[in-house]
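Notes for the one structure printed next.
The values are calculated or read from the model by the stated rules, or taken from the named source; none is laboratory data. Note that the coordinates shown come from a computational prediction; the quantities given were computed from them, not determined experimentally. For neighbour counting, all protein chains shown are included, and Cβ atoms are generated from backbone atoms with ideal geometry for every residue, glycine included.
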Amino acid sequence: MSDDIRPQPGILDIALYQGGKSHVAGVSNIVKLSSNENPFGPSDRVKDAFQRSVHSLHRYPSTDHASLRNAIAEVHGLDADRVICGVGSDEVIQWLAQAYAGPRDEVVFTEHGFLMYKICALAVGATPIEVRERERVTDVDAILRACNTRTKLVFIANPNNPTGTMISPAEVARLAAGLPRQAILVLDGAYAEYVEGFDAGLALIEGRQNVVMTRTFSKIYGLGGLRIGWGYGPKHIIDVLNRIRQPFNLSTSQLDAAEAAVRDQDWVTKCRSDNTRMRAWLANALAEAGVPSDVSSANFILARFANTEEAEACDAFLQSQGLIVRRVASYNLPNCLRITVGDEASCRRVAHAVAQFKGTR
């Protein structure tokens with residue numbers, strides 16, 4: 001590298017994000033349970049909308065995403081003018097860091113929080129502040145103690161990834177009320193749809209000026225391959241984010257598929273019901289095999305092992321059986337494996353393999 005050509009401070013400190021593995025050399029009949037994908041994919045209505053979009057591929061997409069924003073607002077009871085759409089919720093998180101944090105500022109998140117919080121903080125030259133959790137659950141008091149006059153953003157995922165744990169709406173409200181005046185609370189609701197009756201913090205946003213929510217179509221809607229997300233917050237914040245949003249950041253195909261997805265809430269209900277049933281079954285099966293986990297509110301289970309060696313050995317055994325799960329040492333959980341809740345056949349297969357592994361120890 002030339003001594004004269006240097007990136008902005010913080011960028012070279014970023015560890016490249018590693019997504020979930022999708023193949024194992026020399027092993028066929030793979031079951032991928034490493035990326036928290038909906039095993040049933042998108043609904044038929046979404047597939048039809050995506051196929052129809054091919055007829056307008058020569059046209060530029062909408063720049064204001066009005067149709068999708070209106071659909072999101074209609075389904076969730078929101079103000080469409082305060083909805084912003086991005087390339088996954090990751091892009092909304094990136095905009096928040098770009099717009100509100102920089103050198104000498106601090107970005108707060110929990111020790112087992114989503115890796116993109118730290119990456120986005122470093123990318124804008126801000127200082128990432130990692131806060132301890134309490135038994136893999138977000139600790140509001142610890143977060144508030146970590147905040148000061150330099151704090152600009154506080155990120156929490158609820159339910160959290162990769163733990164699957166949640167804190168109550170009352171605790172979230174206490175956190176929002178206790179933040180310094182210049183700080184924004186960002187509620188990452190990537191897994192919110194897996195919790196029946198959960199508003200992901202929408203009521204809190206309506207009553208405050210310092211809370212923003214992010215959501216995604218990559219999980220329960222089954223659109224991880226298209227990369228679509230959205231955010232909602234006070235108008236003064238959304239107006240700022242729209243100033244740095246690329247005008248054509250979403251394609252026509254993305255917009256059409258996402259609109260069909262959010263309008264097909266029957267599919268969401270079905271996927272949530274199936275996930276709830278198989279999540280409980282898988283957690284119980286793993287516990288019977290001697291592998292505990294916290295109660296998960298998402299579409300995955302964080303399986304805990306005695307130590308790092310056992311977790312890695314189990315992962316290696318599962319891979320030899322064609323089962324790909326996620327090691328989470330990068331989330332400060334080296335003794336754990338995150339296992340996506342798949343369809344019934346996948347769940348039974350991974351539970352049987354874990355039991356086999358434990359029986360040989």
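Here is a list: ALA283, ALA311. Which entry is touching a Pro at 6+ places or on another chain (Cβ under 8 Å), buried (at least 19 other Cβ atoms within 10 Å of the Cβ) and among the aliphatic types (A, V, I, L, M)? Steps first, please.
Values: ALA283 fails: touching a Pro at 6+ places or on another chain (Cβ under 8 Å).
The conditions single out ALA311.
Between LEU223, LEU282, the distinction of being under 25 Å from GLU196 (Cβ atoms), assigned to a loop (DSSP other than H, G, I, E, B) and aliphatic (A, V, I, L, M) belongs to LEU223 only.
Yes/no per residue for (1) modelled with pLDDT of 95 or more; (2) in contact with a Gly (Cβ under 8 Å, 6 or more places away or on another chain); (3) over 30 Å from VAL350 (Cα atoms); (4) surrounded by 21 or more Cβ atoms within 10 Å (Cβ to Cβ):
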site	(1), (2), (3), (4)
ASP3	no, no, yes, no
ARG6	no, no, yes, no
HIS23	no, no, no, no
PHE40	yes, yes, no, no
HIS65	yes, no, yes, yes
ARG69	yes, no, yes, yes
GLU74	yes, no, yes, no
VAL83	yes, yes, yes, yes
VAL107	yes, no, yes, yes
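Screening the candidates ALA121, ALA177 for the property of being on the phi < 0 side of the Ramachandran plot, part of a helix (DSSP H, G or I) and touching a residue at least 60 places away in the same chain (Cβ under 8 Å) yields one hit, ALA121.
Listed here are the residues, each with its yes/no results for (1) in contact with a strand residue (DSSP E or B) (Cβ under 7 Å, 6 or more places away or on another chain); (2) in the same structural domain as LEU33 (by TED's automatic domain parsing); (3) more than 24 Å from THR110 (Cβ to Cβ).
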position: SER297; (1), (2), (3): no, yes, no
position: ALA303; (1), (2), (3): yes, yes, no
position: GLU309; (1), (2), (3): no, yes, yes
position: ALA316; (1), (2), (3): no, yes, yes
position: ARG326; (1), (2), (3): yes, yes, no
position: ASN332; (1), (2), (3): no, yes, no
position: ILE339; (1), (2), (3): yes, yes, no
position: ARG349; (1), (2), (3): yes, yes, yes
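Output the number of the condition that ALA329 fails; it satisfies all remaining conditions of (1) buried (at least 18 other Cβ atoms within 10 Å of the Cβ); (2) among the small types (Gly, Ala, Ser); (3) in contact with a Cys (Cβ under 9 Å, 6 or more places away or on another chain). Result: ALA329 passes all but (1).
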